[in-house]
Amino acid sequence: MRFDVITLFPELFAPFLTAGITRRAYASGQVDVRLWNPRDHAEGNYRRVDDRPFGGGPGMVMMAEPLERCLNHIREQRGEALDTQAPLVLFSPIGRKLNHAEVEGWSASAGAILLCGRYEGVDQRFIDAHVTVQLSLGDFVLSGGEIAALALLDAVARLQPGVLSDEGSHQFDSFNPALDGLLDCPHYTRPEEWAGRAVPAPLMSGHHAQIERWRRDQRLLITARHRPDLIDAARAAGALQPADEAVLAKSL
């Protein structure tokens, strides 16, 4: 898949694309990431990409013209036909929140063009003319869309075959609806005792059924404590068994 990123700060992406386990996805070309600076498509000596907002107010607004020229150049480079154009994604507070199901959808797609806004935002006329999808990381504001773009790229990259050392690792991720949508359980490693705290006995038992039941119980209890809405969703989806309900009932 191919992701083209429109950003005023392409240098923010370079370390990310060459470090960590997800670098495998980029090095192998499974996730092809290309960076484009709209300043390269701006006019004048100063290559301006922003201007003051009409009606007054603080901050600056990204201009439509250099963004459109940049977008058109990307689409030419991608060799797209009109009916097969990649979606243009804008990271914005009004966008739908990025979640596991959304990430899985992008991980199985052919990619997209990601627009990282800056300043007070992007000229609405460009959004109306070109933006296909708006996404948000949550109910807070970032200084730009780069962090959100990196989050999407990382989440998509780790789902590609061969990227994680253990092929099944992501199957047990928190929020995975293919499993049950619950939060993950606690994890422990050596030493067996640290600062007076021992590893829970079931994990040391060597009894696989007991270990799996303990992990399941912990996932249920942690989710009920921190995200009860996910318990409700799992129950509605028929993902909870009588033994699960018994564990939840005892925790009340």
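Numbers at a glance
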{"read-out": "Checking Pro15 against (1) under 23 Å from Phe126 (Cβ atoms); (2) out of contact with any helix residue (DSSP H, G or I) (no Cβ under 7 Å at 6 or more places or on another chain), the condition it does not meet", "value": "(1)"}
{"read-out": "In region 18-36, the residues that are out of contact with any Ser or Thr (no Cβ under 9 Å at 6 or more places or on another chain) and not β-branched (Val, Ile, Thr)", "value": "Ala19, Gly20, Arg23, Arg24, Ala25, Ser28, Gly29, Gln30, Asp32, Arg34"}
{"read-out": "Hits in region 93-107 - residues which are at pLDDT below 95 and small (Gly, Ala, Ser)", "value": "Ala101"}
{"read-out": "When residues of region 40-54 are limited to those that are surrounded by 12 or more Cβ atoms within 10 Å (Cβ to Cβ) and hydrophobic (A, V, I, L, M, F, W, C), the one farthest from Leu8 (Cα to Cα)", "value": "Ala42"}
{"read-out": "Scan of region 65-111 for residues that are surrounded by 17 or more Cβ atoms within 10 Å (Cβ to Cβ), outside any helix (DSSP H, G or I) and touching a helix residue (DSSP H, G or I) at 6+ places or on another chain (Cβ under 7 Å), ordered by number", "value": "Ala86, Leu88, Leu90, Phe91, Leu98"}
{"read-out": "Filter result for Ser251 (at pLDDT below 95 and farther than 28 Å from Leu98 by Cβ)", "value": "yes"}
{"read-out": "First in region 35-48 and touching a residue at least 60 places away in the same chain (Cβ under 8 Å), second anywhere and open to solvent by 80 Å² or more (accessible area, probe 1.4 Å) and assigned to a strand (DSSP E or B), Cβ under 7 Å, 6 or more apart", "value": "none"}
{"read-out": "Matching residues in region 112-140 - criterion: being hydroxyl-bearing (Ser, Thr, Tyr) and either open to solvent by 20 Å² or more (accessible area, probe 1.4 Å) or out of contact with any strand residue (DSSP E or B) (no Cβ under 6 Å at 6 or more places or on another chain) (or both)", "value": "Tyr119, Thr132"}
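The values are calculated or read from the model by the stated rules, or taken from the named source; none is laboratory data. As the structure is a computational prediction, the values presented were derived from the model and not from experiment. So basically every Cβ, Gly included, is an ideal-geometry build from the backbone, and we count neighbours across all protein chains shown. SASA here: full protein model, heavy atoms, side chains in, ligands and nucleic acids out. Shrake-Rupley method; radii C 1.70, N 1.55, O 1.52, S 1.80 Å.
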